[in-house]
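What follows is a set of notes on a single structure, which appears directly below.
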Amino acid sequence: MRQKIVAGNWKMNNDKEETKTLIEGLKKEIENLPLDNTRVIVAPSFVNLESAVNQSEDSNIEVVAQNMHQTKNGAYTGEVSADMLKSIGIKSVIIGHSERRSIFNENDEILAEKVDAALANGLEVIFCFGEKLEERKTDNHLLEVGSQLKNSILHIAAEDWKNVVLAYEPVWAIGTGETASPEQAQEMHAFIRNVVAKNFTQEIADNVSILYGGSVKPTNAEEIFSKPDVDGGLIGGASLKATDFSAIIKAI
Ligand code: PEP
């Protein structure tokens, strides 16, 4: 069933103590919220994942990884495999974040391999994609997003869609303070759902959660989340403060 999801991507922020404090703060903020059919997710750095999993055990917070390597094991210095994530209790992984694409040169082909490796290992994939400013300005945003989906995720088996969450993140809105308007988000999310319906079934498309990411804040979350095809958000900067993040969760 389609779920509401608010996910915080903590990127390369917070040491061990700061991570602990943030989770503790978030737990307090949301412990009494009626979170029916709403998932609250946080993605701390690799080194803080295990303690975050343990700390969140008795709460409604899920801990996920920000990335993983596509290979099972071997000579890949500095990388982390699906098996390693699973061994510390991780059940989901973010793949294709625009910073992985632009800074670490992860192209569509690599991301397709990561998607396959994660799904084959029973991990849920939170798959990120989105157009750059130039593509938006030249009215090529739908084309670009369609191509990113086709090249990295539309090849999966129909039964694997229950383990996929899509996150539309226009690159021009990530960390810039500029947000897609609710109408721009809705247009894109409806387009994405339609792409899934055309390539699979309407039922699969209706059940997949599609998150919006890009400068979501307590002040704009409610308007964006009110759109029918926006099922929640992937939040960067504003997820680093328990009060801001919980205000966004309350807006869902
Ligand atoms: C992100 O990095 O996924 C993101 C959406 O960041 P921000 O909310 O800071 O724009």
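The values are calculated or read from the model by the stated rules, or taken from the named source; none is laboratory data. Note that the coordinates shown come from a computational prediction; the quantities given were computed from them, not determined experimentally. Cβ sites come from the backbone with ideal geometry, for glycine too, and all protein chains shown count toward neighbours.
Worth a mention:
- If you go through segment 164-195 and pick out every residue that is away from the ligand (no atom under 16 Å from the Cβ), charged (D, E, K, R) and more than 18 Å from the chain's Cα centre (by Cα), you end up with 2.
- For ALA205, the criteria (1) crowded, with 21+ Cβ neighbours inside 10 Å; (2) more than 14 Å from the ligand (Cβ to nearest atom); (3) not charged (D, E, K, R) hold in every case but one, which is (1).
- Here ASP244 fulfils each of the conditions (1) farther than 17 Å from LEU33 by Cβ; (2) in contact with a helix residue (DSSP H, G or I) (Cβ under 7 Å, 6 or more places away or on another chain) apart from (1).
- Where a residue in segment 225-239 is under 9 Å from VAL6 (Cβ atoms) and its partner, wherever it lies, is away from the ligand (no atom under 12 Å from the Cβ), with Cβ under 6 Å and at least six apart: PHE225/ALA251; PHE225/ILE252; GLY232/LYS4; GLY232/ILE5; GLY232/ILE252
- Within segment 145-163, the residues that satisfy the criterion of being away from the ligand (no atom under 16 Å from the Cβ) and either crowded, with 19+ Cβ neighbours inside 10 Å or within 22 Å of GLN3 (Cα to Cα) (or both) are LEU149, SER152, ILE153, LEU154, ILE156, ALA157, ALA158, GLU159, ASP160, TRP161, LYS162, ASN163.
- Enumerated helices (runs of 4 or more DSSP H) restricted to segment 131-200, each holding at least 3 residues that are of a type in the set (Gly, Ala, Ser): 141-152, 182-199
- Failed item in (1) surrounded by fewer than 22 Cβ atoms within 10 Å (Cβ to Cβ); (2) more than 15 Å from the ligand (Cβ to nearest atom); (3) more than 20 Å from LEU133 (Cβ to Cβ), with ALA247 passing the rest: (2)
- Residue count for segment 225-244, restricted to those that are surrounded by fewer than 24 Cβ atoms within 10 Å (Cβ to Cβ), within 12 Å of the ligand (Cβ to nearest atom), in a helix (DSSP H, G or I) and under 16 Å from the mean Cα position of the chain (by Cα): 3
- Restricting attention to segment 114-130, the residues that are part of a strand (DSSP E or B) and surrounded by 21 or more Cβ atoms within 10 Å (Cβ to Cβ) total 5.
- Scanning segment 104-149 for residues that are aliphatic (A, V, I, L, M) and under 22 Å from LYS91 (Cβ atoms) yields LEU111, ALA112, VAL115, ALA117, ALA118, LEU119, ALA120, LEU123, VAL125, ILE126.
- Boolean, THR71 is surrounded by fewer than 16 Cβ atoms within 10 Å (Cβ to Cβ) and touching a Ser or Thr at 6+ places or on another chain (Cβ under 9 Å): yes
- The set of residues in segment 156-170 that are farther than 28 Å from LYS132 by Cα and either out of contact with any helix residue (DSSP H, G or I) (no Cβ under 9 Å at 6 or more places or on another chain) or touching a residue at least 60 places away in the same chain (Cβ under 8 Å) (or both) contains only GLU159.
- Residue identified as of a type outside the set (Asp, Glu), farther than 14 Å from ALA173 by Cα and in contact (Cβ under 8 Å) with a residue 60 or more places away in the chain among SER102, SER98: SER102
- Candidate set: segment 75-113, residues that are in contact with a helix residue (DSSP H, G or I) (Cβ under 7 Å, 6 or more places away or on another chain) and under 17 Å from SER147 (Cα atoms); chosen: the one surrounded by the fewest Cβ atoms within 10 Å (Cβ to Cβ): ASP108
- When ALA185, ALA251 are screened for being modelled with pLDDT of 95 or more, more than 24 Å from LEU143 (Cα to Cα) and in contact with a Phe, Trp or Tyr (Cβ under 6 Å, 6 or more places away or on another chain), only ALA251 passes.
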